[in-house]
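Nothing in this text is a laboratory measurement; each read-out follows from the coordinates by a stated rule. Computed from a predicted model, the values in this text were never measured in an experiment. Here Cβ is always computed from backbone atoms with ideal geometry, including for glycine, and neighbour counts include all displayed protein chains.
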Amino acid sequence: MIALFGLPAVGKTTTAKKLADLIHAKTRHCGDIVKAKAKELGVGLDGLSLQEHRKIDADTRNIVASAREPLVVEGRFLSEVLAGLPNVVLVNLICSEEERARRQSTRRATGGSLREQDVSCGKLRDTLYGDVPKAAVSAILINTDGHDIDGVAKAVLQKVSRHSNDKV
């Protein structure tokens, strides 16, 4: 199982889709699930309760833990949500602020500026996981700056393969 996490506009969703195509895996897009739940309940993203967030996290954890076929999961907080699960390779996607801003500018308006999203993301992380003791999380770090999606997906697969071989 490959779990992609990182800040907004680093390439999680695009990379997850590409990886899923390459390895014939299913995907779980946690942000889309959160947005759908907020819409179903008739609230904004900021109005989604802590209980609903935790239910989505628990569902994600259960799906990943019980998956018997390849799965690519992406979401901002997967380093916390999936910490400690066996057979999960955590991949932290990063890129420069300039690249994030460029990517954000090509999207439909989604939740304010990157700075506002980062602040909101930090607050939500603190609310959801601030009381959870920080475990040492081993994650592969991939910088997506200057790479097209094929290059990013190839880098992820190479590092995941190396990581898996190192564990054997």
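Residue by residue through the stretch 118-132, note down the ones that are more than 19 Å from ILE94 (Cα to Cα) and in contact with a Pro (Cβ under 9 Å, 6 or more places away or on another chain).
Those that are more than 19 Å from ILE94 (Cα to Cα) and in contact with a Pro (Cβ under 9 Å, 6 or more places away or on another chain): none in the stretch 118-132.
Which of the residues spanning the stretch 55-79 are of a type outside the set (Phe, Trp, Tyr), surrounded by 17 or more Cβ atoms within 10 Å (Cβ to Cβ) and either out of contact with any Cys (no Cβ under 7 Å at 6 or more places or on another chain) or not in a loop (DSSP other than H, G, I, E, B) (or both)?
Pass one, the stretch 55-79, residues of a type outside the set (Phe, Trp, Tyr): 55-76, 78-79.
Still in the running and surrounded by 17 or more Cβ atoms within 10 Å (Cβ to Cβ): 56-57, 60-61, 64, 71-76, 78-79.
Those that are of a type outside the set (Phe, Trp, Tyr), surrounded by 17 or more Cβ atoms within 10 Å (Cβ to Cβ) and either out of contact with any Cys (no Cβ under 7 Å at 6 or more places or on another chain) or not in a loop (DSSP other than H, G, I, E, B) (or both): ILE56, ASP57, THR60, ARG61, VAL64, LEU71, VAL72, VAL73, GLU74, LEU78, SER79.
Just to be sure, is VAL88 β-branched (Val, Ile, Thr) and more than 19 Å from ASN143 (Cβ to Cβ)? Steps first, answer last, please.
On the way: β-branched (Val, Ile, Thr): yes; more than 19 Å from ASN143 (Cβ to Cβ): yes.
Considered against the rule, which asks whether it is β-branched (Val, Ile, Thr) and more than 19 Å from ASN143 (Cβ to Cβ), VAL88 comes out as yes.
Considering only residues that are in a helix (DSSP H, G or I) and under 18 Å from ASP131 (Cβ atoms), which ones fall in the stretch 36-54?
Here is the first cut: in the stretch 36-54, the ones in a helix (DSSP H, G or I) are 36-41, 45-47, 50-54.
Listed by number, the residues that qualify are LEU50, GLN51, GLU52, HIS53, ARG54.
Quick check, is ARG28 under 24 Å from VAL152 (Cα atoms) and among the basic types (Lys, Arg)?
Details: under 24 Å from VAL152 (Cα atoms): yes; among the basic types (Lys, Arg): yes.
Taking the combined requirement at face value, the residue satisfies it.
Looking for whichever is within 23 Å of ASP145 (Cβ to Cβ) and of a type in the set (D, E, K, R) here; the options are ARG54, ARG61, ARG68, ARG102. Which one fits? Before you say what the answer is, go through the steps one by one.
Numbers: ARG54 fails: within 23 Å of ASP145 (Cβ to Cβ); ARG61 fails: within 23 Å of ASP145 (Cβ to Cβ); ARG68 fails: within 23 Å of ASP145 (Cβ to Cβ).
Just one listed residue meets the conditions, ARG102.
Please work out which one of (1) more than 18 Å from LYS154 (Cα to Cα); (2) surrounded by 12 or more Cβ atoms within 10 Å (Cβ to Cβ); (3) in contact (Cβ under 8 Å) with a residue 40 or more places away in the chain is the condition ASP46 fails and give its number.
Exception for ASP46: condition (2).
Going through the stretch 20-37 one residue at a time, which ones are out of contact with any Leu (no Cβ under 6 Å at 6 or more places or on another chain) and either within 15 Å of HIS147 (Cα to Cα) or of a type in the set (D, E, K, R) (or both)?
ASP21, ARG28, ASP32, LYS35, LYS37
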